[in-house]
Amino acid sequence: MTVLEGLAAIIGRQPDMMVVAEAADGQQAVELWIKHRPDVSLLDLRMPNLDGVGVIEKIRDQDASARVIVLTTYDTDTEILRAVKAGTKAYLLKDARREELLDCIRRVNRGETCIPQSLVEKLATGLTSELLTSRELNVLDLLARGKSNKEIRVNLYISETTVKSHLRSIFRKLNVLSRTEAVAVASRRGLVRL
């Protein structure tokens, strides 16, 4: 049984809930939402053809009051922030207890927002730290791919002094002391994908 089938079975057994559709990818999720207009939609962030944030945006273009719950394994502050900005009403991790999931669906259906305190704290930590510039993110991405300062310079058409300046700024903003630590923190926060 797949995760999707398991969720559908759990939800379908509830006397006050009914599964109206199941989608295999993001594009199909949008199409099925338009067709069925469910009271509450459950989405993963990572789906083929269109990611969860893209699905939320397309659904909310159709109906700004659409109630969407993100149920995912990804809990970085960047992922949470993207989903919240797109308009999700709830953000749960897939390891949430069954009762927690069902309670969240009911709460969102009543118009409430449902984000666990631990994720709110993670989001707040990410928001209070300084944001990296787009150039610093470029440098960080190349750093995460194991590139040397010289290789970063060549890739970005900047001087090695500028690379070092960006690295100092990245280290300060991420509150780290080394390249390895910068990559580890950036990965945890969802700024780079390893």
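Taking the condition at pLDDT below 95 and not in a loop (DSSP other than H, G, I, E, B), does residue 9 pass?
On the way: at pLDDT below 95: yes; not in a loop (DSSP other than H, G, I, E, B): yes.
So residue 9 passes the test.
If you go through region 51-68, how many residues are within 14 Å of the chain's Cα centre (by Cα) and more than 22 Å from residue 98 (Cβ to Cβ)? Before the answer, list the steps.
Applying the first criterion (within 14 Å of the chain's Cα centre (by Cα)) to region 51-68 yields 51-57, 68.
Checking which are more than 22 Å from residue 98 (Cβ to Cβ) leaves us with 51, 53-57.
Going through region 51-68 one residue at a time, the tally reaches 6.
If you check residue 22 against the conditions, is it part of a loop (DSSP other than H, G, I, E, B), assigned by TED's automatic domain parsing to the domain that holds residue 115 and among the charged types (D, E, K, R)? Yes: the conditions hold for residue 22. Within 22 Å of residue 115 (Cα to Cα), in contact (Cβ under 8 Å) with a residue 40 or more places away in the chain and surrounded by 19 or more Cβ atoms within 10 Å (Cβ to Cβ) - does that describe any residue in region 16-31? There is no residue in region 16-31 that is within 22 Å of residue 115 (Cα to Cα), in contact (Cβ under 8 Å) with a residue 40 or more places away in the chain and surrounded by 19 or more Cβ atoms within 10 Å (Cβ to Cβ).
For the residues 2, 73, 88, the requirement of being free of Cβ contacts under 8 Å to residues at least 60 places away in the same chain, among the hydroxyl-bearing types (Ser, Thr, Tyr) and buried (at least 20 other Cβ atoms within 10 Å of the Cβ) singles out 88.
Summed over region 33-50, the residues that are more than 16 Å from the chain's Cα centre (by Cα), farther than 15 Å from residue 61 by Cα and among the aliphatic types (A, V, I, L, M) give a count of 1.
Yes/no per residue for (1) aromatic (Phe, Trp, Tyr); (2) under 26 Å from the mean Cα position of the chain (by Cα); (3) closer than 30 Å to residue 74 by Cβ:
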residue	(1), (2), (3)
147	no, no, yes
154	no, no, no
168	no, no, yes
190	no, yes, yes
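Look at region 25-44 and say how many of its residues are out of contact with any helix residue (DSSP H, G or I) (no Cβ under 9 Å at 6 or more places or on another chain) and either assigned to a helix (DSSP H, G or I) or farther than 21 Å from residue 3 by Cα (or both). Before you say what the answer is, go through the steps one by one.
Filtering region 25-44 down to residues out of contact with any helix residue (DSSP H, G or I) (no Cβ under 9 Å at 6 or more places or on another chain) leaves 25, 28, 31-32, 35-36.
Filter once more, keeping what is either assigned to a helix (DSSP H, G or I) or farther than 21 Å from residue 3 by Cα (or both): 28, 31-32, 35-36.
Total meeting the criteria: 5.
For residue 47, the criteria (1) part of a loop (DSSP other than H, G, I, E, B); (2) in contact with an Asp or Glu (Cβ under 8 Å, 6 or more places away or on another chain); (3) loosely packed, with under 15 Cβ neighbours inside 10 Å hold in every case but one, which is (3). Give me the pairs, please: first residue somewhere in region 113-125 and over 22 Å from residue 186 (Cα atoms), second residue anywhere and surrounded by 16 or more Cβ atoms within 10 Å (Cβ to Cβ) and at pLDDT 80 or above, beta-carbon distance under 6 Å, and either six or more positions apart or on two chains. If the second residue must be surrounded by 16 or more Cβ atoms within 10 Å (Cβ to Cβ) and at pLDDT 80 or above, the pairs left are 113/89; 114/90; 114/104; 114/107; 114/108; 115/91.
The values are calculated or read from the model by the stated rules, or taken from the named source; none is laboratory data. In this text, all values refer to a predicted model and were calculated from it rather than measured experimentally. Every residue, glycine as well, gets a Cβ built from its backbone with ideal geometry; the counts of neighbours run over all protein chains shown.
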